[in-house]
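Trainee: Got a structure for you, questions after.
No lab work stands behind these numbers, since they all come straight from the coordinates. Here the structure is a predicted model, which is why all the values come from computation and not from measurement. Please note: Cβ atoms are built from the backbone with ideal geometry, for glycine as well, and neighbour counts cover all protein chains shown.
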Amino acid sequence: MAKLYLASLVFSAVFLAGCASQPTPIFPSTKSAPEAATGYTEKIGVVAKKFMIASANPLATDAGYQMLNAGGSAIDAAIAAEMVLTLVEPQSSGIGGGGFLMAFDGRNVKAYDGRETAPASATENLFFNADGKPMAFDDSVIGGRSVGTPGLLRMLELAYRQDGKLPWASLFGPAIKLAEEGFVVSPRLASLLDREQFLKRDATASAYFYSTQGKPWSAGHLLKNPALARVLREVAAGGADAFYTGRVARDIEAKVQGHPTNAGGLTVADLAGYQAKVREPVCSDYRAWTVCGMPPPSSGGIAIAQMLGMLEARNMRAYAPTDGVLDAEGVHLFSEAGRLAFADRARYVADTDFVSLPGGSVKSLLDKQYLAARGALIGEKSMGVARPGQPQATMLAQGTDTSPEFNSTSHISIVDARGHAVSMTTSIENQFGSRQMVDGFLLNNQLTDFSFVAADESGPIANRVQGGKRPRSAMSPTFVFEKGTSKLMLSVGSPGGSAIINYVGKILVGMMDWGLDVQHAISLPNFGSRNGPTELEQGRVPDTLVAALQAKGHTVRLMEQTSGLQGIMRMNDHGEDVWFGGADPRREGTVKGD
């Protein structure tokens, strides 16, 4: 069948594996990432008929499952799971950061923007030294300078008002209980703490994450966080205002402005004035499906739509992996499309409240003739570094953003009993964010997602720093629908900095062109280009693939690629629709449903 369905033989094997009491793995295994790699653990997919959640940590998955099982909505489950992630996965996301949430209510898709904003006082020279030169990345991150106004709680509250079902306060119960009674430090958190260089510089963070002897907590340690429990109780009782005004806001301002060597400009007025926004999703057709992603200030929706638009004329099905081994031509085509999309991304995409896209909307960048012309540039040999295109209505000369991006991020996919769904990606940017801890949570360093330089020889850079502006992101929460209907076929997303675009793109091509289920697609080796080297996942590809790509002119970089893909797809079992969920073997994510 077309759509996202598997051949019946493949589905039967996956279904039986998912239901077995002691299942065997579905997919055996044969630049530095924003979060270091902590191993690869083979995983199987999970099947459910009523509802499902996939998140980055078993405790968060269970919290969301509790809400779904109590009759809650996908939004309810997302809030409960994310509050737990603030506690158990503090290196990645939490209430000190922001995110993007795609919500499907059975008929329509809404894109919720909870991206952080620069303080009103921020200028284009925010990340310049006294000598007039851009700061080194680590120097800019550590401290208060890099902290943007957190947007997560405002975004979740806005989404809850649209489709929350359970009492607001009940959504915080699992996280409060774990914070007060303690949670077991996971192997991934322990490993990252062991390698972390900067967290000890903050006295509050050091006292929480390390023993009195200065040793990081090991896996299995029971860790309590009464300070966070207090904040969550206040938010549960008073809504997001309890975070954005009053005690917590004053504590955040004091922390940011009080850093001894790298103070920032965030104020209580910035916090009180923050607004989450509902934006129009970026939706485009690809073969038999409609793919919907986040609009700016995320670049994910546009970049992925561009890549698919360039690949649509190619017979990608002919280049499917064989027994999990990638095909060189498939990797070549995907990587070249990525180069072209990333070139446009660096030139044109930023916070559209400040900088307009060519023509004033996404239409010119997604125009079929434009993408066909861009795709025609893909030849037998790699183009190396692509130049940005000139879509219709391109008026002003603009510079190219070359800033580093190291988003430390988390993703949740959920489908509830009504068929409503969430795809939500949240972040504090770098591993452990700005390394500033206040009231039990870490503050983000999202302002380093801006271009440090405001202009180049071609003109002003769209993603330059401006007061109140939201930095460009690569977060790519994504839905796939049956073309021409509102039948949800897939909810997916991932952490991983700007490589998120390639991670999610891999899933879409893997499922829509190669007929893979979501777990097989997640477990494939990661690959792609961000308009630089062709990046392949270290230790998971054969030498023959590297050689074949090099023969096509690719500069190949083998590297850790710590995606954290979570996905839920609709499948058909003998005429009955079921949900099938997958989690990334590279992290601790799990799937649970009924």
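Trainee: Among R250, R570, which comes first, then next, by fewest other beta-carbon atoms within 10 Å?
Mentor: The most exposed by this proxy come first: R250, R570.
Trainee: Compute the Rg to Rh ratio over the stretch 197-339 from the alpha carbon atoms, using the Kirkwood formula for Rh, and round to two decimal places.
Mentor: 1.16
Trainee: Based only on the alpha carbon positions, what is the Kirkwood hydrodynamic radius of the chain, in angstrom?
Mentor: One over the average 1/r among Cα pairs gives 23.6 Å for the chain.
Trainee: How do Y210, Y65 line up, fewest other C-beta atoms within 10 Å first?
Mentor: Least crowded to most crowded, the residues run Y210, Y65.
Trainee: Okay, moving on. Is the stretch 80-191 rounded, prolate or oblate when judged by the Cα gyration tensor, a ≥ b ≥ c being the square roots of its eigenvalues, rounded requiring a/c under 1.5 and prolate requiring a/b larger than b/c?
Mentor: In terms of gyration-tensor shape, oblate.
Trainee: Still on this model: Are any of the pairs K368/K506; K368/K483; K255/K277; K110/K277 more than 19 Å apart by Cα-Cα distance, and if so, which?
Mentor: Pairs exceeding the cut-off: K368/K506; K255/K277.
Trainee: Now a separate question. When you count, for each residue, the other Cβ atoms within 10 Å and take the mean per peptide, how do 553-560, 433-440 rank with the highest first?
Mentor: Answer by packing, highest mean first, reads 433-440, 553-560.
Trainee: In nanometres, what is the gap between the two model label sites at T212 and N125, each 7 Å from Cα along Cα-to-Cβ?
Mentor: Each label point lies 7 Å from its Cα, and together they span 4.8 nm.
Trainee: Would you mind ranking D351, D543 by Cβ crowding within 10 Å, fewest neighbours first?
Mentor: D543, D351
Trainee: Need one word for the stretch 460-505: rounded, prolate or oblate. Basis is the Cα gyration tensor (sqrt eigenvalues a ≥ b ≥ c); a/c below 1.5 gives rounded, then a/b vs b/c decides.
Mentor: Taking the square roots of the gyration eigenvalues as a ≥ b ≥ c, the stretch 460-505 is prolate.
Trainee: Which cross-chain or sequence-distant (5 or more) residues have an amide H under 5 Å from the amide H of V438, H modelled 1.01 Å from N in plane?
Mentor: L443
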